[in-house]
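Asks: Here's a structure for you.
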Amino acid sequence: MKFNLLVFQKVFRKIGSYVFNFFYDIGDVFFFFLLFIKNLLTDKFYPRLFFNQIVKIGFNSLPVVGLTAIFTGMVLALQSYTGFSRFSAESAIPNVVVLSITRELAPVLAGLMVAGRAGAAIAAEIGTMKVTEQIDALKTLSTNPFSYLVTPRVIAGIISLPFLVLIGDIIGVLGGYLICVNLLNFNPSVYLQNTYNFVEFIDIFSGLVKAAVFGFIITFIGCYFGFNTKGGAQGVGQSTTYSVVSSSILILLMNYIITSLFFKL
Amino acid sequence: MRKLKIEIKKLSKNFEKRFVLKDLDLNIYESESLSIIGESGSGKSVLARCITGLTEFEKGKILTDDSKDVMRMSSKSLNEHISKFGILFQNSALLDSLSVEENLKFTDKNINLSEILNEINLTKKILKKFPSEISVGDQKRVGLARAILKEPEILILDEPTTGLDPLISNQINILIKNIVEKKKITAVTITHDMTSVNEYGEKVAFLRSGKIEWYGDAKKIYDTKNKNLKNFIDGAL
Ligand SMILES: Nc1ncnc2c1ncn2[C@@H]1O[C@H](COP(=O)(O)OP(=O)(O)OP(=O)(O)O)[C@@H](O)[C@H]1O
Ligand SMILES: [Mg+2]
């Protein structure tokens, strides 16, 4: 009897500490967010660092986002052909391709790719600066590390992701086009006309809204884990992993939330 | 006539439940060169981080010359407090995304670097390199230059010579000596290199078990009766 109680106590303590840590972390992230807003509004902005980050986060992600988009468009065309040909609805392929790409696949896949690429790099870079006291050095040089490191990255993320996704949209549709025209004998101009007539502003717009939100998540989470890195190289590795995992999950979660918001509109 | 610059009262600092500093008292006086010595892991770097306001601590007070407490400052005055210091960090902490030149010109773009390069015995060739491309000794020199260039009220040097060969250690010691004596700056040097103490230490504080176990004139350190300090000096020499 006594033994059982002890086990219960242990289990509840464990659960309690997990719950506590969970809310503690949420509070911590929220505080980081408030700091971000405060520094954004009141402190110096570094245009040069911002442009550097546009290049790093946006421009340098073009190849991987482009590749992801083109293959996704191609696969979509093939797969929907398999399905639609069973009830002779092949002509709907362009519609399915453009809708899936703009609303879902381009933003989500670009988000996940950039999270793996730029988000990880941000966490690693800032984490290294943290454990090697470079962030402390910044403070002694009268520089606010937040404005110097976080603001340029997060703003660059919010701005570059929509551009990446817009390009991803075009390349994805092109992927579907290539398959349909070259492999499935579609008429090229009919395909494009179909796509153009079918797609609505809201399809593209909702995708770009998602992209901006994902851009924020990726860079913000990367900065958060970077700033909270402890220990040495091992700590940096851990921050990098955490940052990629949490931003990927958050991207999928927010994707659902934003989709359902636009669904109601 | 000795003007108090920083007054540390009953400072305690724990990591998790293990204490590193416990009820530590120490005064730092203006224009004096203080050496803090102690074994590896005794908390010297932690003490420096507390003084500069880079690390929070649980108990005690660190008072500045305008009798403000570092732990109870608004974030604005804390930032001002931190920027009073020029710090040579234990591993230099140069910004590794910037070239040496950009590191040195970080706070003032228009500064002329030839004088400082002369002072730290480096040539212009190093300016275009990145911190990861230069030797640890040169990193320390650049870190020292960065700390001095901002004309700080207080200079903190965390183990400026550790990990360097005796020749370069000596050069760096002489360099620091010149700077400390010429600029009459308040300087705190953390070290276990007794030659550093001999070269430019005026006062010495010996840190052990979280407290300052011995404090006094650098010249009198070899006459000490304190056994732990004696052992430390013997070991260090
Ligand atoms: N961020 C930290 N988290 C946990 N423990 C820490 C942290 N920083 C320092 N410590 C512990 O505090 C103690 C003092 O560390 P500190 O770096 O001040 O030593 P030190 O006197 O500077 O040694 P050294 O001469 O090797 O530089 C060590 O035992 C270290 O393990
Ligand atoms: Mg140390």
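Asks: Rounded to the nearest 5, what % of the DSSP beta bridges within chain B are antiparallel ones?
Replies: On the way: 20 of 39 bridges.
DSSP beta bridges in chain B are roughly 50 percent antiparallel.
Asks: Using the Karplus equation 6.51 cos²θ - 1.76 cosθ + 1.60 (θ = phi - 60°), what ³J(HN,Hα) coupling, rounded to whole Hz, does each residue of segment A:8-15 give in order, writing x for Gly and Pro?
Replies: 4, 4, 4, 4, 5, 4, 4, 4
Asks: Hey, another quick one. Expressed in whole Å with the largest first, what are the equivalent ellipsoid semi-axes of segment A:43-262 derived from the C-alpha gyration tensor as the square root of 5 times each eigenvalue?
Replies: Over the Cα atoms of segment A:43-262, the semi-axes work out to 40, 16, 14 Å.
Asks: Would you pull out the residues with amide H under 5 Å of B:Glu213's amide H, same chain only if 5 or more places away, H placed 1.01 Å from N?
Replies: B:Phe206, B:Leu207, B:Arg208
Asks: I've got another one for you. Dividing the convex hull volume of the Cα atoms of segment B:163-215 by its residue count, what figure in Å³ per residue is obtained?
Replies: Dividing the Cα hull volume of segment B:163-215 by its residue count gives 83 Å³.
Asks: Which percent of Cα-Cα pairs in segment A:150-232 sits in each 10 Å bin, short to long?
Replies: Histogramming segment A:150-232 at 10 Å steps yields 16, 32, 23, 16, 9, 3, 0 percent.
Asks: Kindly provide log₁₀ I(q)/I(0) values, in the same order as q = 0.14, 0.17, 0.21, 0.24 Å⁻¹, from the Debye equation applied to equal alpha-carbon scatterers of segment A:199-249.
Replies: Debye curve over Cα of segment A:199-249, log10 I(q)/I(0) at q = 0.14, 0.17, 0.21, 0.24 Å⁻¹: -0.45, -0.56, -0.70, -0.82.
Asks: Please list the non-local residues whose amide H lies under 5 Å from the amide H of B:Leu88, H modeled 1.01 Å from N, same-chain partners needing a gap of 5 or more.
Replies: Placed amide hydrogens put B:Ile156, B:Leu157, B:Asp158 under 5 Å from B:Leu88.
Asks: Over all directions, average the projected area of the Cα convex hull of the protein assembly as shown and note it in nm².
Replies: Projected over every direction and averaged, the Cα hull of the protein assembly as shown covers 34.3 nm².
Asks: If you don't mind, there's one more thing I want to ask. Angle check, please: helix B:227-236 long axis (alpha carbons) against the longest principal axis of chain B (alpha carbons), in degrees 0 to 90, nearest 10.
Replies: Tilt of helix B:227-236: around 20 degrees.
Asks: Which one, B:Ala218, B:Val136, B:Met194, is farthest towards the positive end of the dipole of segment B:93-237 when Lys and Arg carry +1 and Asp and Glu -1 on their Cβ?
Replies: Sorting the options by dipole projection puts first B:Ala218.
Asks: Can I ask one more? Give a residue-ordered list of calculated ³J(HN,Hα) values for segment A:201-207 (Karplus: 6.51 cos²θ - 1.76 cosθ + 1.60, θ = phi - 60°; whole Hz; x for Gly, Pro).
Replies: Karplus values, whole Hz, x for Gly and Pro: 3, 4, 4, 6, 4, 4, x.
Asks: Next question. Classify segment B:7-96: rounded, prolate or oblate, from the alpha-carbon gyration tensor (a ≥ b ≥ c, eigenvalue square roots; a/c under 1.5 rounded; otherwise prolate if a/b is larger than b/c)?
Replies: Here segment B:7-96 falls in the rounded category.
Asks: Which net charge results when you count Lys and Arg as +1 and Asp and Glu as -1 among the other residues whose beta-carbon is under 13 Å from that of B:Tyr29?
Replies: Every neighbour counted, the sum reads -2.
Asks: Taking the beta-carbon count within 10 Å as an exposure proxy, list B:Leu11, A:Leu174, A:Leu261 from fewest neighbours to most.
Replies: Starting with the residue having the fewest Cβ neighbours, the order is A:Leu261, A:Leu174, B:Leu11.
Asks: So what J values fall out for segment A:16-24 if you push phi through Karplus, 6.51 cos²θ - 1.76 cosθ + 1.60 with θ = phi - 60°, rounded to Hz, Gly and Pro as x?
Replies: Once rounded to whole Hz, the list reads x, 5, 5, 4, 4, 4, 4, 5, 4.
Asks: Counting only DSSP beta bridges with both residues in segment B:63-195, what percent are antiparallel, rounded to the nearest 5?
Replies: Around 20 percent antiparallel, to the nearest 5.
Asks: Suppose only helical runs count, i.e. DSSP H with n ≥ 4. What mean residue ellipticity at 222 nm does that imply for chain B under -39500 (n - 2.57) per run, divided by all residues and rounded to the nearest 500 deg cm²/dmol?
Replies: Calculated from helices alone, the mean residue ellipticity at 222 nm is -9500 deg cm²/dmol.
Asks: Separate question: Based on Cβ point charges of +1 for Lys and Arg and -1 for Asp and Glu, what charge dipole magnitude is obtained for segment A:51-161 about its Cα centre, in debye rounded to the nearest 20?
Replies: Here the size comes out at about 40 debye.
Asks: With charges set only on the Cβ (+1 for Lys and Arg, -1 for Asp and Glu), what does the dipole of segment B:67-110 come to about its Cα centre, in debye to the nearest 20?
Replies: 280
Asks: Going by alpha carbons, how many degrees (0 to 90, nearest 10) lie between the helix axis of A:188-198 and the longest principal axis of chain A?
Replies: 60
Asks: Of the beta bridges DSSP finds with both residues in the protein assembly as shown, what % are antiparallel, to the nearest 5?
Replies: Looking only at bridges with both residues in the protein assembly as shown, the antiparallel portion is about 50 percent.
Asks: With the Cα gyration tensor of segment A:8-112 giving a ≥ b ≥ c as the square roots of its eigenvalues, does the rule (a/c under 1.5 for rounded; else a/b larger than b/c for prolate; else oblate) give rounded, prolate or oblate?
Replies: It is oblate, given that a/c is not under 1.5 and a/b is not larger than b/c.
Asks: Using the Cα centre of the protein assembly as shown as origin and beta-carbon charges of +1 (Lys, Arg) and -1 (Asp, Glu), tell me which of A:Val96, B:Leu95, A:Cys180 is placed farthest towards the positive end of the dipole.
Replies: Working it through, the farthest residue towards the positive pole turns out to be B:Leu95.
Asks: Something else about it: Quick one: in chain B, what % of C-alpha pairs are over 22 Å apart?
Replies: 53
Asks: If I model a spin label as a point 7 Å beyond the Cα along the Cα-Cβ vector, how far apart are those points for A:Leu183 and B:Ser135 in nm?
Replies: Placing both labels 7 Å along Cα→Cβ, they lie 6.0 nm apart.
Asks: If you put +1 on each Lys and Arg Cβ and -1 on each Asp and Glu Cβ, how big is the dipole of segment A:43-262 around its Cα centre, in Debye rounded to 20?
Replies: It comes to approximately 420 debye.
Asks: Then there's this: Once you put a point 7 Å from the Cα of B:Asn110 and another 7 Å from the Cα of A:Asn95, both along the Cβ direction, what distance in nm separates them?
Replies: So the two model labels end up 6.7 nm from each other.
Asks: First obtain the Kirkwood hydrodynamic radius of segment B:126-236 from its Cα pairs, then insert it into the Stokes-Einstein equation at 4 °C and 1.567 mPa s, and state the resulting D in µm² per second as a whole number. Provide the component values of the computation, followed by the final result.
Replies: On the way: Rh = 15.2 Å.
Using the Kirkwood radius from Cα pairs, D works out to 85 µm²/s.
Asks: While we're here: Tell me which GluC sites (Glu not before Pro) from segment B:1-110 have a DSSP coil assignment and no more than 10 other beta carbons within 10 Å of their own.
Replies: In loop regions of segment B:1-110 (DSSP not H, G, I, E or B), the sparsely surrounded GluC sites (Glu not before Pro) are B:Glu16, B:Glu56.
Asks: Sticking with this one: Place +1 on the Cβ of every Lys and Arg and -1 on the Cβ of every Asp and Glu in segment A:1-86, take the dipole about the Cα centre, and give the residue among A:Asn52, A:Phe31, A:Leu41 whose Cα lies farthest towards its positive end.
Replies: Selected residue: A:Phe31.
Asks: Tell me the relative contact order for chain B as a rounded percent, counting alpha carbon contacts under 8 Å between residues six or more apart.
Replies: 26
Asks: Here's another thing I want to ask about it. Which cross-chain or sequence-distant (5 or more) residues have an amide H under 5 Å from the amide H of B:Val20, H modelled 1.01 Å from N in plane?
Replies: Here B:Lys13, B:Asn14, B:Phe15 satisfy the definition.
A short reminder: the numbers here are calculations on the coordinates, not readings from a lab. All of these numbers come straight from a predicted model, not from anything done at the bench. Quick reminder, even Gly has a Cβ in these numbers, built from the backbone with ideal geometry, and neighbours come from all protein chains shown.
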